Amino acid sequence: MTATSCSIRFVLNGRPVIAEVEPHHSLVEILQQQGLFGARESCGEGVCGCCTVLVDDKPIAGCLYLAVLLDGKSVATVEHLNADGGLTVVQRAFIETGAFQCGFCTPGFVLMAHELLRHNPDPSDAEIGQSLSGNLCRCGAYPEITKAVKLAAQWQKVADAPPAVAAE
Amino acid sequence: MSHVGSQIGRSIPRLEAIAKVTGRAEYVHNMLLPGMLHGKILRSTVARGRIKRIDVEKAKAGNGVHAVITSQDILSLIPHPYHGPAFHDQPILALDEVRHYGEPVAVVLAADPHVALRALAAIEVEYEELPAVYDEVEAVTSPVAVHAELKPAATFADLKHLVGLKNTNVALEYRLRRGNVDRAFAAADHVFEHTFRTQQAMHAALEPHVTVAEPGDGSLTLHTCSQNPSFIRTEIARLLGWPENQVRVRTPFLGGGFGGKLYIKLEAIAAAAALLVHRPVKIALSMGEVFYTITKHATTVRIKSAVTKDGRITARECEAWWNGGAYADIGPRVTQKAGYTAAGPYDIENVRIDSYQIYTNRPPAGALRGFGVPQLAWAYESHTDFIAKDLGIDPLEFRWKNLLREGRPQATGATMRDAPMEKVLDRIAARLNWGAPLDRGDGRMRRGRGLAIGLKAGTSPTTSVAMVNVNASGSATLYVGTADMGQGSDTALGQIVAEALDLPMEDVKVIHTDTDMTPYDMGTCSARSTFHMGNAIRLAADDVRKKLKALEAELGLPQGSNYSVKDLLQKRFGMQAGNIIGVGSFIPPHIWPDPETGLSEEITPFWAIGGTGAEVEVDTQTGHVRVTRLINVADGGRVVNPEIAITQISGAAIMQLGFTMYENMIFKNGRVRNASLTHYEIPSYQDIPALENELLSAEDKRGPFGAKGLGESGTFGVSPAIGNAIFDAVGIRLTELPITAEAVLRALRSAQPLENRP
């Protein structure tokens, strides 16, 4: 506790949290304090998407979002996707199509792919590109990510997804 | 049931796939230790200068600041604090002088990283600014010597020929002399000469460099995002004067590498800081700082060819200047190994190559996916199309006339073997439908197509050691020092050990890069892991089999009795116990190039071959170029994991697309003006053209199960293929990268007389 810190309450992946934060703390730093490392700071300027998380169901750049603003809000990170222990259709499709290499940007892409499919269950290539253009992948897995999103859409649509795989 | 051949050529998903899609994969980035301090680096604000004064007192007094470290503190721990893989030229922190803008000068340690960052502003440094040199050609004759004296490192077997130097900016000169170049030029029907330039660029791995140093009692653990942990251990132990076994280097997964995480980056600073304050220290760079840490060489390449009137190249002269920045890093190796193939993929009787590694006052340059070949290929393959055009020969036909074919000696004298150059060229041409006419357009939008091919000699000689532990249950654990930076080495090497031991993949576990456990590996670079470590694994598996035979004999069983490992160990120990441990080490055959002629019959473990075909649309009013098709074809030997391998070709081509079209570090007085991903743009979703990737599966007889390296081959042809397609579309001869709309528009305007402009 310092002269400048304040206490905030928010919901993190469905669980209520109380945290002491400084006014300059970013959302990513608070997640790290909570032991969550799926959102990662890379560019530090909100252009790469590695730190993507959902705040009140809207994707934001966690490296730019001040932690104090979380008070009373709800945060979902990549870790919430596997709360029930299984992989999501999107995650399975990413594995099936090999849509990642180093994996550093992958949580951001996975979250954005979920967001896209939530709003648009049958996206075109152009819509996928548009929707994921805020995420960078230096390994250049973009073509495979497009395939993954389309496969996930297909699995979701016809409910013929392969059997669930444990996330552990 | 598994059988020989069942694991190679199988596209299984990456072993760590679930950890990566769930965000749980381990990176050093994630690491927090009890009592850990965060280090923030104060960097030089001049490109070259003498440090007159550093005052850290105010910063030290700051609330929450644990310590401020300068080179004076480091000297108390490490009397000779210089490191480097080629020359011991780089101080851990600047000592008396700075040689590039952004060079580390001091480190602030604090439990709160924000406190450390804020305290940097309280450090006072006074510099006496000195004249600097930035251009690689100018630096050869400049009165400014970046280093007064240079001491060779003598660490790597392939860099033993470096010598001590004084008052020169030329760190290494590789020369190749083949045939009689002067006579061939004198007799030539045509002589063509062009000079090409490439820009300084950056790896931009999305995980910026990060190291955690954890001191022990007379020992040290480094958790670091390194592509060569074995080297880090050797070099840190050397700096400290410790035995190697007291330094442990651990590397979990890397968030990208691409050559930027080789050799000492943050490890020495973090190690020194942690040992000085007896606390764990984490140093994590911001993306902006990475631009001052390691980059891709800017180059100038002059290339001159003698050609007969029917289109045979009879002689070639190349001079390449590599802008290595203030510290050589691995630049001398880039200069030499890329120098071997500077004359390109052609069968030329008379060749003269001079390749110079140059010091300047820019941030250091090292290896970046292709080890210099992409810069040279930009020169030699653009040059190829310029010549073909001037001779009125179709560029593909001109290539067919001159192509280096299987069994022929390359410029160094090394034989082209298992190097399917013709097949790669043929596949690109077929996919481009080269024989059919292309609608080039006649209005504002013009279309064109181009192709290019390149080859690379791998770094040699280098060593890999693998250890295989067959457990009493019959499952196997593989210990390798190969860093998985996203290329899928854990998976591919796991497949190789499964194949070599005739085990299903499920029975194989891969333990990577922890020098307390994994044996030596030279490094994860130069697309060497599948080939070198793969061969070491095969030898380790042979060792396992030898030991099993000995065990059979010891148990009095007839030879070839076909007992399983499990049964043999059960018989030996009376229960499920014991291990069979096999070790294999591999170093490929190599003959030193003659110091005068640069010739050698054995310079590379394998030939990497790759090429690209491109179709473009050029907006003649804006100069904007749209790449409409990008076809990448490479040879992968007998491919271990086809689906992972093809994404390496695709990813390499996308990366090189960035270096071709827009990535460019812009300097002013040595300072990078666009040191952020906002201003230094890397390819994003909307930049990706229609891609076609093809991997030839030709066996490399020396490779493990016929495999060879392929992680860089997708880069070779991209820049010149696009340049050649633009040349085809609008007739402009581009000689500099990147090919921005502005550069195209300028070239279009200068090619068109003022009075004829619309």
Worksheet entry | One residue from B:E126, B:E193 being in the same structural domain as B:F231 (by TED's automatic domain parsing), in a strand (DSSP E or B) and acidic (D, E) | B:E126
Fill in: Whichever residue in region A:66-85 is assigned to a helix (DSSP H, G or I) and modelled with pLDDT of 95 or more and, among such residues, is surrounded by the most Cβ atoms within 10 Å (Cβ to Cβ)
A:V78
Worksheet entry | Of the criteria (1) part of a strand (DSSP E or B); (2) in contact with a helix residue (DSSP H, G or I) (Cβ under 6 Å, 6 or more places away or on another chain); (3) surrounded by fewer than 23 Cβ atoms within 10 Å (Cβ to Cβ), which one B:V470 fails | (3)
Fill in: Residue under evaluation B:V633, criteria (1) more than 10 Å from chain A (Cβ to nearest Cβ); (2) part of a loop (DSSP other than H, G, I, E, B); (3) within 24 Å of B:R449 (Cα to Cα), criterion not met
(2)
Item to complete: Of the conditions (1) part of a loop (DSSP other than H, G, I, E, B); (2) within 27 Å of B:L432 (Cα to Cα); (3) at pLDDT 95 or above, B:M665 clears all except one; give me its number.
Response: (2)
Discussion item. Looking at region B:581-634 only, could you name the residues that are out of contact with any strand residue (DSSP E or B) (no Cβ under 7 Å at 6 or more places or on another chain) and among the aliphatic types (A, V, I, L, M)?
Written reply: B:I587, B:I591
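Can you tell which of B:L493, B:L478 is crowded, with 24+ Cβ neighbours inside 10 Å, closer than 17 Å to B:E16 by Cβ and over 22 Å from the mean Cα position of the chain (by Cα)?
Working: B:L493 fails: over 22 Å from the mean Cα position of the chain (by Cα).
Criteria check complete, one pass: B:L478.
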Worksheet item: Are any residues in region A:90-103 out of contact with any Ser or Thr (no Cβ under 7 Å at 6 or more places or on another chain) and either within 25 Å of B:Q227 (Cα to Cα) or more than 10 Å from every other protein chain (Cβ to nearest Cβ) (or both), and if so, which ones?
Response: A:I95, A:A99, A:C102, A:G103
Worksheet entry | Single residue of B:A204, B:A186, B:A171 found to be at negative phi and either within 14 Å of chain A (Cβ to nearest Cβ) or buried (at least 24 other Cβ atoms within 10 Å of the Cβ) (or both) | B:A171
Response to the item:
Among (1) over 30 Å from B:E289 (Cα atoms); (2) touching a helix residue (DSSP H, G or I) at 6+ places or on another chain (Cβ under 6 Å); (3) basic (K, R); (4) assigned to a loop (DSSP other than H, G, I, E, B), B:R446 falls short only on (4)
Worksheet entry | Residues of region B:551-593 satisfying the condition of being surrounded by 14 or more Cβ atoms within 10 Å (Cβ to Cβ) and either of a type in the set (F, W, Y) or under 30 Å from B:S526 (Cα atoms) (or both) | B:Y563, B:I581, B:G582, B:V583, B:G584, B:S585, B:F586, B:I587, B:P588, B:H590, B:I591, B:P593
Discussion item. Looking at the structure I just gave you, is B:S305 touching a Phe, Trp or Tyr at 6+ places or on another chain (Cβ under 6 Å) and either outside the structural domain of B:F398 (by TED's automatic domain parsing) or without any contact (Cβ under 8 Å) to a residue 12 or more places away in the chain (or both)?
Written reply: no
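Tally the residues that are in a loop (DSSP other than H, G, I, E, B), within 21 Å of B:R671 (Cα to Cα) and among the β-branched types (V, I, T), restricting the search to region B:341-366. I'd like the intermediate steps shown before the answer.
Start the filter on region B:341-366 by keeping residues that are in a loop (DSSP other than H, G, I, E, B), which leaves B:341-345, B:347-349, B:359-364.
Next, only the ones that are within 21 Å of B:R671 (Cα to Cα) stay: B:359-364.
Still in the running and among the β-branched types (V, I, T): B:360.
The number of residues fulfilling the criteria is 1.
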Worksheet item: Is there a residue in region B:257-267 that is touching a Ser or Thr at 6+ places or on another chain (Cβ under 9 Å) and not in a loop (DSSP other than H, G, I, E, B)?
Response: yes
Worksheet item: Of all residues in region B:1-54, which are over 25 Å from A:V110 (Cβ atoms), aliphatic (A, V, I, L, M) and either surrounded by 19 or more Cβ atoms within 10 Å (Cβ to Cβ) or away from chain A (no Cβ under 14 Å) (or both)?
Response: B:M1, B:V4, B:I8, B:L37, B:I41, B:L42, B:V46, B:A47, B:I51, B:I54
Practice prompt. Go through region B:89-127 and give me each residue that's within 14 Å of chain A (Cβ to nearest Cβ) and aliphatic (A, V, I, L, M).
Written response: B:A110, B:A111, B:V115, B:A116, B:L117
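Just give me the residues in region B:582-601 being in contact with a Ser or Thr (Cβ under 8 Å, 6 or more places away or on another chain), part of a loop (DSSP other than H, G, I, E, B) and not β-branched (V, I, T), in sequence order.
B:P588, B:H590, B:W592, B:P593, B:D594, B:G598, B:L599, B:S600, B:E601
Kindly evaluate A:S26 against the criterion of being more than 9 Å from chain B (Cβ to nearest Cβ), crowded, with 17+ Cβ neighbours inside 10 Å and touching an Asp or Glu at 6+ places or on another chain (Cβ under 8 Å). Give the steps one after another, and end with the answer.
On the way: more than 9 Å from chain B (Cβ to nearest Cβ): yes; crowded, with 17+ Cβ neighbours inside 10 Å: yes; touching an Asp or Glu at 6+ places or on another chain (Cβ under 8 Å): yes.
For A:S26, the condition - more than 9 Å from chain B (Cβ to nearest Cβ), crowded, with 17+ Cβ neighbours inside 10 Å and touching an Asp or Glu at 6+ places or on another chain (Cβ under 8 Å) - is met.
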Discussion item. I'd like to check something: does region B:675-698 contain any residue that is in the same structural domain as B:P420 (by TED's automatic domain parsing), in contact with a strand residue (DSSP E or B) (Cβ under 6 Å, 6 or more places away or on another chain) and of a type in the set (D, E, K, R)?
Written reply: yes
Item to complete: For A:N13, work out the one condition from (1) surrounded by fewer than 22 Cβ atoms within 10 Å (Cβ to Cβ); (2) within 14 Å of chain B (Cβ to nearest Cβ); (3) farther than 18 Å from B:R24 by Cα; (4) touching a residue at least 40 places away in the same chain (Cβ under 8 Å) it doesn't fulfil.
Response: (3)
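How many of the residues making up region B:659-690 are within 14 Å of chain A (Cβ to nearest Cβ) and touching a Gly at 6+ places or on another chain (Cβ under 9 Å)? Walk me through it before giving the result.
Just the residues of region B:659-690 that are within 14 Å of chain A (Cβ to nearest Cβ), to begin with: B:659-663, B:674-690.
Next, from what is left, pick out any that are touching a Gly at 6+ places or on another chain (Cβ under 9 Å): B:660, B:675-678, B:681-688.
The number of residues fulfilling the criteria is 13.
Could you check region B:240-256 and list, in sequence order, the residues that are within 25 Å of the chain's Cα centre (by Cα) and either assigned to a helix (DSSP H, G or I) or within 14 Å of chain A (Cβ to nearest Cβ) (or both)? Spell out how you get there, then give the answer.
Step one: list which residues in region B:240-256 are within 25 Å of the chain's Cα centre (by Cα), which gives B:248-256.
Within region B:240-256, B:T251, B:P252, B:F253, B:L254, B:G255, B:G256 qualify.
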Response to the item:
Given (1) surrounded by fewer than 22 Cβ atoms within 10 Å (Cβ to Cβ); (2) within 14 Å of chain A (Cβ to nearest Cβ); (3) of a type in the set (S, T, Y), B:T234 misses just (2)
Worksheet item: Out of region B:485-507, which residues are outside any loop (DSSP other than H, G, I, E, B) and more than 13 Å from chain A (Cβ to nearest Cβ)?
Response: B:L493, B:G494, B:Q495, B:I496, B:V497, B:A498, B:E499, B:A500, B:L501, B:M505, B:E506, B:D507
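The values are calculated or read from the model by the stated rules, or taken from the named source; none is laboratory data. What you see is a predicted model; the values in this text were computed from it and never measured. All Cβ positions, even for glycine, are placed from backbone atoms using ideal geometry, and neighbour counts span all protein chains on display.
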